[in-house]
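Data block below; observations after.
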Amino acid sequence: VVQVAYDPEKCKPDDLLYVYWRSVDPTQVGGQFHDIGEQYSTVIFYHDDNQKEIAKTSKQALEDSGRFSDPIATIIREAETFYIAEDYHHQYDIKNPGHYNMYKQGSGRPDFICKIWDDEL
């Protein structure tokens with residue numbers, strides 16, 4: 001889970017969701033790429049009713065776009081207490097570039113992103 005702090009004067013929630021949808025497989029149930037288990041499922045957490053409505057509208061627009069043949073499985077849920085990860089998780093790609101790059105390529109994520117979003121990259 002990532003909690004994003006942003007300045008709404010500089011970045012709109014729709015902009016964040018635009019990037020989010022292009023970083024995940026929103027149709028995969030029970031995991032994300034090679035990471036299997038409910039803890040890897042895609043979720044959008046909201047802090048207030050406005051964020052909830054923005055997330056729901058964005059999800060529905062993605063569903064209506066016809067880009068995916070499977071339904072959008074991403075859950076929209078109220079945020080709970082956020083716990084910062086242990087230090088070894090922070091900047092993992094920088095601290096462990098070899099392992100990170102092998103994992104990233106082997107996960108299938110880059111190929112999926114290019115296949116689904118190629119017209120926008």
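Quick notes on this structure:
- Calculated FRET value between H89 and L16, using beta carbons and R₀ = 30 Å, to 0.05: 0.90
- The largest-to-smallest principal axis extents of the Cα set in the chain are 40, 34, 30 Å.
- The stretch 8-80-the stretch 98-121 distance, computed between alpha-carbon centres (Å): 18 Å
- Inter-probe distance in nm under a simple model that places probes 7 Å from Cα toward Cβ, at S69 and E9: 4.8 nm
- Eligible lysines near K12 by straight Cα distance, threshold 17 Å, same-chain separation 8 or greater: K52, K56, K59
- Under the criterion of Cα pairs below 8 Å and six or more residues apart, the relative contact order for the chain equals 26 percent.
All of the numbers you see were taken from the coordinates with simple rules; none came from a lab. Just so you know, these numbers come straight off a predicted model, no measurement behind them. Neighbour counts run over all protein chains shown; Cβ positions are idealised from the backbone, glycine included.
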